[in-house]
Each structure stands twice: as C-alpha cells, then as structure tokens.
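The values are calculated or read from the model by the stated rules, or taken from the named source; none is laboratory data. Note that this is a predicted model, so its numbers are computed, not measured. Heads up, the Cβs are rebuilt from the backbone with ideal geometry, glycines too, and the neighbour counts pull from every protein chain shown. To get the accessible areas, we keep the full protein, side chains included, count just its heavy atoms, and leave off ligands, DNA and RNA. Shrake-Rupley method; radii C 1.70, N 1.55, O 1.52, S 1.80 Å.
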Number of protein chains: 2
Amino acid sequence: MLHGQSTTVAKPPACALEQSRFCIQVDPAPRARLIRAAHIETIPADKVLWHDDAPCRTVGLLVSGYLRFQRHNRDGRRQILNLTVPGDLFGHEDERNEGFSLESATEAVLCRFDRRVFDELLIEDGSLRRALYRYGSRNLDRLHWLTWTIGALRPEERIAAFLLNARGFLPYRDLPDGTGLISLAISRRDIADLLATSVETICRTFKSLGKDGLIRLLDPAHVLFLDPAGLAARAGLPDREHAPVMASDPAVMTFINDRPGVHR
Amino acid sequence: MLHGQSTTVAKPPACALEQSRFCIQVDPAPRARLIRAAHIETIPADKVLWHDDAPCRTVGLLVSGYLRFQRHNRDGRRQILNLTVPGDLFGHEDERNEGFSLESATEAVLCRFDRRVFDELLIEDGSLRRALYRYGSRNLDRLHWLTWTIGALRPEERIAAFLLNARGFLPYRDLPDGTGLISLAISRRDIADLLATSVETICRTFKSLGKDGLIRLLDPAHVLFLDPAGLAARAGLPDREHAPVMASDPAVMTFINDRPGVHR
DNA sequence: CGCCGCCTTGAAGAGCCTCAACTAATGTGG
DNA sequence: CCACATTAGTTGAGGCTCTTCAAGGCGGCG
C-alpha cells in the first residue's frame, strides 16, 4: 500500500470517478468531455490547495482522502466549515472574505478538471449545472447539521453525534457480530476544530464512552461501535438520527471500504 | 403605524419588491408573471410558516420583518440557522430531517408566490434559476459566517461581531455626529439562539460594552454605536471586518430605514 | 388595575479549556 | 543499528468563563 501506490491506484479511481454520484448526474457527452479533461493527482497531508489570496483556481472531485475547508484567525483559532469527503466536488468555493482556505487533512487523491473546460461546460450543459446545484444543497444540509451540532449540543453530545455520522463518510464496516468498525482517518485536531472543542475533550469523551460500553477504542485511529442506540441517546438525539447527513458518495464509499488496509 | 397598516403598507412593498435584488436578477417577462402571481400578506410574530411534518409549501419574498429558520430539540434546545431578512427568499428550503421549522421572529410582511407558477417558471426560465442559485450561495456564505462565529469566537466576541454585522440587515442609520443607531428588531432570545449563547450573557455583554464606551444602550431595543473599530477589536476580528456578510437587500434596506417609526 | 412577557441583575456552580507532563509511535542522522 | 528528535495522542490538575437558577423591574395589554 505504500510503495508503488501511484501506479496501483491509477486505475480504480478513474473507475470510481465515472460512477461517482456527481458524475452520474451529468449527461454522458459532457461527462466524457469532463473526464477527458481530468487528471489524477496524489497529494500529501496538510497541503494547502487554496487560500484567500492565492486563488489556485482549480475544480475537481475528491477520489480518496479528506480535505478541510476552514477559516483561520491570526491568533491561531480555527474552525473547519466543511469536511470534503470522497466523491465530493472541491474548488468551486469562491469565498471573498478573509481567512478561508482549503487544505488536505490526509493524503488525498484528487481528480482535477481543467478549469476552462469545466466553466465552458457549465455554460453549455444543463445537467452539469443541475448536478452542481444539488451538490450545493447537500453541502448546505451538512452545514446545517454542523451548525446545529456546534450550537445546540454540548461537546460530549457533539462527539457522540459525530461518531454516528462519521460512519457515512469515514472508512466503516459492519462486522458479523453486530458491531461496526470505523477508522478515524483524520486527526484529533481536525475533529476538534470541526466540532469546536479541544483534542483533550475528545480523548476524555472517547474514554468515557468506552467506559460505559458504548464504544471500544482499539487504537487511536480505530473505534468499535458496541451500542449505536446508546450512542445516539448520549448525543441527545431523537433516537435514530443515524441517517448520515454527511454521507459520502455510495460508489466511492464502497471503494474506500473495499481497500485492504484501511487508512492510518 | 399600528392602525390601518395593511392599507398604508400595501403599495410600498410592491414597489420595493420589484426593485429587490432577487427580482432584479430575473428577466422582465418572468418577473412580471411572478409578481402577478404574488400576494402581500401580513403575519404576526411567532407564527409557524413551515415545519417538518406540515409542509406548508409556499415560496415568497420577505418584504419586512424577520423570519427564523431553526431547529428544535424536544428538551427545548434551539438553534437558529438562518435569519431571513427583508429581500430574502423563503420557503424554498426542503429539509428532510426532523426538527426544522420556519417561523416569524417579528411581525412580517410577506409576498407569497403561487407555488405552481414559481415551479413552472423555474423550469422555463434561466434567469430565475440563476437568481435562485446566487441566493443560495449568499445563504451559504451567511451560514459560514454563523458557524465560524459560533465555533471560533467566545460569546462576547460573537455579540460584538453580531452587532457590527447587524447594521447590514437590521434597521440602522448613521447619525450626523458620526455615531450610528441600530434598532434591535428581534428579541434577546432569538439573538441568543442565533449566537448559541444565553439571554443573560447578551445583557451582561451589552452592559459591559456600554461601560467601555463602545456602545450605548438607549433602551432595550436601541443601541448607539460609539466606537465601531473598538467593537471590531472586541470581536477579535482582523480590524475592519465591517463588511456585512449577512447584508440585506439594499433596495429593501433603504425602505426599512426610511420608515418614520423604526420597529419596536 | 393587575397579569404576563421581556429584559435585567445577582449568585453559585460546573463544565470545559488551558497548561503541563508523559507516553507511544515514527523518522532521522550519526 | 541505536540515540535522539518530533509529533500525535493521552492523562492530570487548576481555574475561569459561561450557563443555570432565581428574583426583581419594566412596560404592554387585557
């Protein structure tokens, strides 16, 4: 998985790309043109893709890994406003205000589109515009979830809600014994800055949830779901708000989960 | 302003409506058709316009007053996710999840469109779709601001930032002596649930800001800006983030401010 | 006149953040 | 191959906001 990744990975993404929820909504002709104007690229973690005064204008689809759309303050405070998950479009944001940036949260595989082709297609093709519009709506829903979570829930509840939700966009697998295994592919820091809390609180909450038998921490990056319903209760949610608001693209999702060694 | 409002108000809104930023972006023909399919309606404060299982499917433009798009928990917790301000479109949200609702935060004048006509026009007319798309982007920007504010700022900072920002969408007027007067048309409760804090904290912060000579509380609903720059510093902002993220429609805004007796 | 919101003010408590130290895992250079 | 540096994660202790609870003022409206 480490050596020779760039070559091994080259084919599957292109496949997943064509099947991705976004591309599927685009008519065959423009889709083909878009894919012809695309190229795959692997970037390391914590690379800046875009920030306020360096308008690295590029559009693309995230194939694997995670990006964070965030806002910084000079005194170090940060808030992640969107976690770009596999299957998501990125780079279409045009934030005129200061402090916003888009970075990779993990190593990531991108499928970049030629900007000119994309913009042209956007004018010509209605199906692409529709897809973009739907994607925007989905993004708005996510942000509603995030804002609600930060604003109305206490840190422990946020973290429990996040774990439940994360099953929809982080590498996750239901196990035969009824439990489920999730791989926390992003750092504590990123989770903390997404949920507007601190890394310490996350650690303590994980431990607390573990002590109460709701989850089990196999290692820092792997959590076993023992009692999802109990977790939902802990999140202060109306029972089964398991419906993943931030769900990734199903096609890409299976691709993520089918990889032998799950990230991190 | 109290008696006979329905008649007095009847004409100006229609005028402001045609000039509103949203309608201006729509081509003349569909705009005319839309306006023909519209009717003005005045509703009292705290009226439910829409909630999860009563899909009172109606689209419209807010002429005056304020609406709150919010999410409730059964145990009383609430988070306002968007404050609909004059000139804004409302009712186009389609939240499938539970707990969401749209209510009037103040007495409000609505311009409702016939749903069928609106949907038809949406299919037929590109300019309407574009206007809707732009409106959606603006809404996303707002929500980014709100989420950042809640997530990264402490209550006092949030309130200072809110005050500065509110000049763009609450009744506000620059005074000859260099100060500015704002009318807090919405309740403390709503401000608190927007900024994810408590009404008590808002009171205390107002008083604290007043004691430091940044503002003056004329009465519970009227605040005088004495030192906007100082307020921005208090908000922990990069100096002059006076740029109103949540700005209302300029045309409608002047209409609000030109009314003799400012709300509340 | 008296009720009922809304706003204000006070006091107490707790939850969470901050700071700091420690561990574990990873990588680097000698 | 080992010593060392570095980073992410974990744990502990302390302190401070901010919330919560409670009561009082003020104004509007029946």
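Do we find that B:Arg264 is at pLDDT below 70 and either within 14 Å of chain A (Cβ to nearest Cβ) or open to solvent by 20 Å² or more (accessible area, probe 1.4 Å) (or both) in this structure? Let's see the steps before the verdict.
Values: at pLDDT below 70: yes; either within 14 Å of chain A (Cβ to nearest Cβ) or open to solvent by 20 Å² or more (accessible area, probe 1.4 Å) (or both): yes.
Answer is yes for this residue.
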Inside the range B:144-164, the number of residues satisfying the requirement of being more than 10 Å from chain A (Cβ to nearest Cβ) and of a type in the set (A, V, I, L, M, F, W, C) is 6
If we only count strands (runs of 3 or more DSSP E) wholly inside the range B:69-148, which ones have 3 or more residues that are open to solvent by less than 30 Å² (accessible area, probe 1.4 Å) and closer than 29 Å to A:His92 by Cβ?
-> B:78-84
Got at least one residue in the range B:216-239 being modelled with pLDDT under 65 and either in the same structural domain as B:Leu67 (by TED's automatic domain parsing) or touching a helix residue (DSSP H, G or I) at 6+ places or on another chain (Cβ under 7 Å) (or both)?
-> yes
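Looking at the range A:149-157, is at least one residue hydroxyl-bearing (Ser, Thr, Tyr), within 16 Å of DNA strand C (Cβ to nearest atom) and in a helix (DSSP H, G or I)? Give the steps one after another, and end with the answer.
Restricting attention to the range A:149-157, the residues satisfying the condition of being hydroxyl-bearing (Ser, Thr, Tyr) are A:149.
Retained after the next criterion (residues that are within 16 Å of DNA strand C (Cβ to nearest atom)): A:149.
Then keep just the ones that are in a helix (DSSP H, G or I); that gives A:149.
Yes; the residues of the range A:149-157 include at least one that is hydroxyl-bearing (Ser, Thr, Tyr), within 16 Å of DNA strand C (Cβ to nearest atom) and in a helix (DSSP H, G or I).
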Hey, A:Leu62 away from chain B (no Cβ under 14 Å) and either among the β-branched types (Val, Ile, Thr) or assigned to a helix (DSSP H, G or I) (or both) or not = no
Please verify whether the range A:240-255 includes one or more residues that are away from DNA strand D (no atom under 16 Å from the Cβ), among the small types (Gly, Ala, Ser), under 21 Å from A:Ser104 (Cα atoms) and modelled with pLDDT under 95.
-> yes
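Which fully enclosed helices (runs of 4 or more DSSP H) of the range A:159-237 have 1 or more residues being open to solvent by less than 30 Å² (accessible area, probe 1.4 Å), of a type in the set (A, V, I, L, M) and under 26 Å from A:Gly76 (Cα atoms)?
Output list reads A:188-195, A:199-211.
Suppose we filter the range A:34-67 for residues that are open to solvent by 30 Å² or more (accessible area, probe 1.4 Å) and within 21 Å of A:Leu194 (Cα to Cα); how many remain?
Going residue by residue through the range A:34-67, those that are open to solvent by 30 Å² or more (accessible area, probe 1.4 Å) are A:35-36, A:39-42, A:44-48, A:51-57.
Of the ones still in play, those that are also within 21 Å of A:Leu194 (Cα to Cα) are A:44-48, A:51-52.
Matching residues across the range A:34-67 total 7.
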Do we find a residue being of a type in the set (A, V, I, L, M) and more than 8 Å from chain A (Cβ to nearest Cβ) anywhere in the range B:130-143?
-> yes
